[in-house]
Each structure stands twice: as structure tokens, then as C-alpha cells.
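The values are calculated or read from the model by the stated rules, or taken from the named source; none is laboratory data. Being a predicted model, the structure only gives us computed values, none of them experimental. Because the Cβ atoms are built from the backbone with ideal geometry, glycine has one as well, and the counts that use them run over all protein chains shown.
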Amino acid sequence: MKIAIVGAAGRMGRMLEAIAPGMGFEVVARIDVAPGFNSGWGEDAEGVVDFSFHAAVPAMVAKAAEAGLPYVLGTTGLSPEEQKAVDEAAKKIPVVQSGNYSLGVNLLQVLTERAAAALGEAYDVEICETHHRHKKDAPSGTALMLAKAAAAGLGRNFEEDAVYGRHGETGERPHGQIAIHSLRGGSVVGDHTVMFMGELERIELTHRAQSREAFAAGALAAVKWAKGRSAGRYTMRSVLGF
Ligand SMILES: NC(=O)c1ccc[n+]([C@@H]2O[C@H](COP(=O)([O-])OP(=O)(O)OC[C@H]3O[C@@H](n4cnc5c(N)ncnc54)[C@H](O)[C@@H]3O)[C@@H](O)[C@H]2O)c1
């Protein structure tokens, strides 16, 4: 399958390029604002994989919709306006969008929802994510996925119950709150821990990505899966079948 990579000069773009041939893909366009890269793709591309920057997404996804190409979106930190552009494009093309393309994190999402449903509000949910010092957005898209899974398990409204870090005189922690904490440093690829803290015991579910290849391989599997599907928004869980 012939693909275009958006954000081709970046950490994820370079990983996609490195593993694509071994997975049966040919990279026909390398889109990036860095010197020496392309600004668009030609007619031979059969799908687009985007790991770039949130501001780049609306124009790229609209171009893919015009060309009728499946779009795999890994870029995180989209504003509500930018997200609207993605939703608009998904009326014309299949768009797979996930804050994390690894098998492990998608399984962790399922486990988080189940654990939250089983434990209920007697267990306080706190999520801790750690990433390398170059990451530009916080919290991570993965932490948001996991927080939404916990909210779904608890039957709560994520928008109302989410808290991002704490500082100053915060008062007592209310039940039902879902807190996310972001750590940045060094070269950490991506660690996420979901904690369920009760009066007598504590459960911690942790995923640690050891290589960006886990995300790149998942994204390539997703673009192959999306080819020929009807228009709509899909997640990595749709691709994995759970
Ligand atoms: N969903 C996942 O599984 C997953 C995994 C890792 C990273 N990410 C996300 O993917 C994105 C990229 O991550 P990264 O670590 O590769 O970042 P990076 O900074 O190394 O690479 C981003 C690339 O995008 C390019 N870029 C910026 N603006 C552009 C534009 N307007 N048009 C084209 N290219 C543009 C940059 O020049 C850079 O080369 C981030 O949003 C990150 O959070 C998602």
C-alpha cells in the first residue's frame, strides 16, 4: 500500500519511515515543514498517516477528504475547532483517530473502564503520565483516553470531573474526581499509570512503551484496515476488534 506521512521529519515520522517497507508499505510522500520535505502528496497515495502538529491537521485532513483517502490521525492536542475539521472530513472518508496506537494501551483502556465500574467511587482515580522533554502538549492524548475510560466505567461526565494537576489550597478531594498529572523529562517514550486508591488498598495499572515502534506499527495496521472502509470516525479499538 502506498502512503503519505505527515510529520515525516519528526520522531514518529522517522519511525514510520523505518518500519513501513518491512510491513509492506511504500512511502510515496513525506510531508513536513522541515527543509527538503514535501508539502503535499501526489495521485498515487492510497492513505495518509499523520503524526505532526495539531495546527497542521485541519488543512491536511481536508485535502485527504477531497482526494478520498483514508486518514490515520496520531497527532494529539487538537483544539475544539481543529477537531471539528476532523469530524467534517470523517463525513467523506474513513478517519482512524487515537491518542495511542499501541496494543497495550488500548487493552489498558478496556481494563481501566472495567476496573472503574467494578470498584466504584469508593476508589479515587488518579492518572500519572510521563513523557520525554520534547513533548509539546499536556496531558497526553493517552492520559485523556484513560481518564475518559475511567469516567465511562464510573458513569460520570469526564468534562465535569477532570482535574489537571493540583496547586495551592485545593481543599479535600471530592469522590468522583478524576485527576491527571503530567511529568516531563529525558527521553521517556511514554509511561501511564492509572491508580485506584481505596481506604484499605490501592490498585495500579501501568503501561510503559519501550519504543515508538509500538505506535508506528499500530498506525500502519490502522491505515491498511481503513482502506476501502466507509466514511466515519474509527478508533484503534475498532481496528483491534475490542
Ligand atoms: N497517537 C499515538 O500513538 C502517538 C504516539 C506518539 C506521538 N503522538 C503524537 O504525534 C505528534 C508528533 O509526535 P513526535 O514525537 O513525532 O513529534 P515531533 O515534534 O518529533 O514531530 C512532529 C513533526 O511535525 C512537523 N510539523 C509541524 N508543523 C507541521 C505542518 N504544519 N505541516 C507538516 N509538518 C509539520 C514538525 O516539523 C516535526 O517534524 C504529537 O502530537 C504527539 O503527541 C501520538
For residues in the stretch 30-62 being more than 17 Å from Gly74 (Cα to Cα) and surrounded by 13 or more Cβ atoms within 10 Å (Cβ to Cβ), which is nearest to the ligand (Cβ to nearest atom)?
Phe37
Glu113: touching a helix residue (DSSP H, G or I) at 6+ places or on another chain (Cβ under 7 Å), outside the structural domain of Asp50 (by TED's automatic domain parsing), modelled with pLDDT of 95 or more and acidic (Asp, Glu), yes or no?
yes
Which one of these is part of a strand (DSSP E or B), more than 15 Å from the ligand (Cβ to nearest atom), surrounded by fewer than 19 Cβ atoms within 10 Å (Cβ to Cβ) and over 16 Å from the mean Cα position of the chain (by Cα): His181, His167, His175?
His181
Do you know which of the residues in the stretch 117-154 that are assigned to a helix (DSSP H, G or I) and charged (D, E, K, R) is nearest to Gly77 (Cα to Cα)?
Lys148
Hey, any hits in the stretch 81-89 for a residue that's of a type outside the set (A, V, I, L, M, F, W, C), closer than 23 Å to Ser211 by Cβ and over 18 Å from the mean Cα position of the chain (by Cα)?
no
Single match in Ala231, Ala226, Ala219 (criterion: outside the structural domain of Arg173 (by TED's automatic domain parsing), within 24 Å of Val61 (Cβ to Cβ), touching a Leu at 6+ places or on another chain (Cβ under 8 Å) and surrounded by 14 or more Cβ atoms within 10 Å (Cβ to Cβ)):
Ala219
Please count how many residues of the stretch 70-102 are within 20 Å of Ala4 (Cα to Cα) and in contact (Cβ under 8 Å) with a residue 60 or more places away in the chain.
17
Yes/no for Ser187 being farther than 21 Å from Ala219 by Cα, within 16 Å of the ligand (Cβ to nearest atom) and not assigned by TED's automatic domain parsing to the domain that holds Thr235:
yes
Suppose the filter is among the hydrophobic types (A, V, I, L, M, F, W, C) and within 16 Å of the ligand (Cβ to nearest atom); does Met195 pass it?
no
Residues that are surrounded by fewer than 16 Cβ atoms within 10 Å (Cβ to Cβ), away from the ligand (no atom under 13 Å from the Cβ) and either in the same structural domain as Pro139 (by TED's automatic domain parsing) or among the small types (Gly, Ala, Ser) (or both), drawn from the stretch 68-99:
Gly68
Checking Arg233, Arg237 in turn, the sole residue that is under 24 Å from Tyr71 (Cα atoms), charged (D, E, K, R) and assigned to a strand (DSSP E or B) turns out to be Arg233
Output for the stretch 1-24, where each listed residue is in contact with a Leu (Cβ under 6 Å, 6 or more places away or on another chain) and either more than 14 Å from Thr75 (Cβ to Cβ) or away from the ligand (no atom under 14 Å from the Cβ) (or both)
Met23
